[in-house]
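What follows is calculated from the coordinates using simple rules that are stated; it is not laboratory data. Being a predicted model, the structure only gives us computed values, none of them experimental. We place every Cβ from the backbone using ideal geometry, glycine too, and count neighbours over all the protein chains shown.
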Amino acid sequence: KAGVTQTPRYLIKTRGQQVTLSCSPISGHRSVSWYQQTPGQGLQFLFEYFSETQRNKGNFPGRFSGRQFSNSRSEMNVSTLELGDSALYLCASSPRTGGTEAFFGQGTRLTVV
Amino acid sequence: QKEVEQNSGPLSVPEGAIASLNCTYSDRGSQSFFWYRQYSGKSPELIMFIYSNGDKEDGRFTAQLNKASQYVSLLIRDSQPSDSATYLCAVNILPSGRGSTLGRLYFGRGTQLTVWP
């Protein structure tokens with residue numbers, strides 16, 4: 001069974017630009033959650049999508065948005081990038097919503113310069 | 001109080017010793033508890049989950065849950081240098097004040113473990 005696939009793996013963007021990250025969950029999993037990880041803050045929850053609906057949202061500004069498609073693939077978008085957005089962005093796939101076991105992709109390392 | 005708290009460490013143990021990692025959580029209604037291992041530069045990997053009070057063993061790993069005291073721990077027996085990583089505790093918690101009936105996973109900041117030869 002294929003794992004969680006995130007693309008791209010690495011990204012360098014300029015301040016003010018926008019970026020879209022992609023996540024394909026494990027086949028059959030309908031929940032996708034996104035996290036931001038930085039050395040100082042640990043894993044910070046961004047949002048969760050289940051059956052194309054946002055089920056939970058963390059405390060991030062509106063520049064961070066996401067969506068989920070009918071095949072459960074999800075995208076995360078960050079607009080007007082700031083230097084502080086440099087981080088590892090992780091996608092986690094779960095079979096159900098409600099805080100069940102989550103399986104992480106390899107992450108996208110975003111660097112904003 | 002944070003939803004999930006862990007000692008940040010670092011925790012350093014010699015090879016062959018037992019490493020004990022602890023985690024406390026805030027929501028008495030939590031039902032699912034998970035331990036993840038994260039090597040430097042890699043993504044978190046699920047290594048254990050526990051739902052019921054008591055111990056659950058899987059190879060060299062034992063997860064212990066005490067819902068009355070709201071803590072969960074992970075014991076690593078016969079620790080190996082390859083166990084050196086950051087261990088994250090995750091608990092399903094119902095977000096407060098959101099009117100939602102669905103919980104989500106909350107992660108601790110992680111405990112850095114070093115096993116020296």
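Among the residues of A:10-18, the average count of other protein chain beta-carbon atoms within 10 Å of the residue beta-carbon is 0.
Coupling constants for segment B:8-24 follow from the phi torsions by the Karplus curve (6.51 cos²θ - 1.76 cosθ + 1.60, θ = phi - 60°), and in residue order they are 6, x, x, 9, 10, 9, x, 4, x, 7, 9, 9, 10, 10, 10, 8, 10 Hz; glycine and proline get x. Per-residue shielding of A:100-111, expressed as the average number of other chain Cβ atoms within 10 Å of the residue Cβ, stands at 4. Using the Cα gyration tensor of segment A:1-89, with a ≥ b ≥ c the square roots of its eigenvalues, what is the shape: rounded (a/c below 1.5), prolate (a/b larger than b/c) or oblate (neither)? Verdict is prolate for segment A:1-89. Here the contact order of segment B:1-68, divided by its residue count and restricted to Cα pairs under 8 Å and six or more residues apart, works out to 21 percent.
Taking amide H as placed 1.01 Å from N in the peptide plane, the amide H of B:A17 sits under 5 Å from that of B:S79, each at least 5 places away or on another chain. Find which of B:L94, A:G40, A:S70 sits farthest along the positive direction of the dipole of the protein assembly as shown, computed with +1 on the beta-carbon of Lys and Arg, -1 on that of Asp and Glu, about the Cα centre. Of the listed residues, the answer is A:S70.
Listed by chain and number, the lysines whose C-alpha is less than 28 Å from the C-alpha of B:K67, apart from same-chain residues fewer than 8 away, are A:K57, B:K2, B:K56.
Of all DSSP bridge pairs formed entirely within the protein assembly as shown, close to 90 percent run antiparallel.
Peptide B:104-113 has a mean shielding of 5, counted as Cβ atoms of other protein chains within 10 Å of each residue's Cβ. Which residues does a label at A:E82 reach in segment A:10-34, if reach means a backbone N under 12 Å from a point 7 Å past the Cα toward the Cβ? Counting only backbone N, you get A:16.
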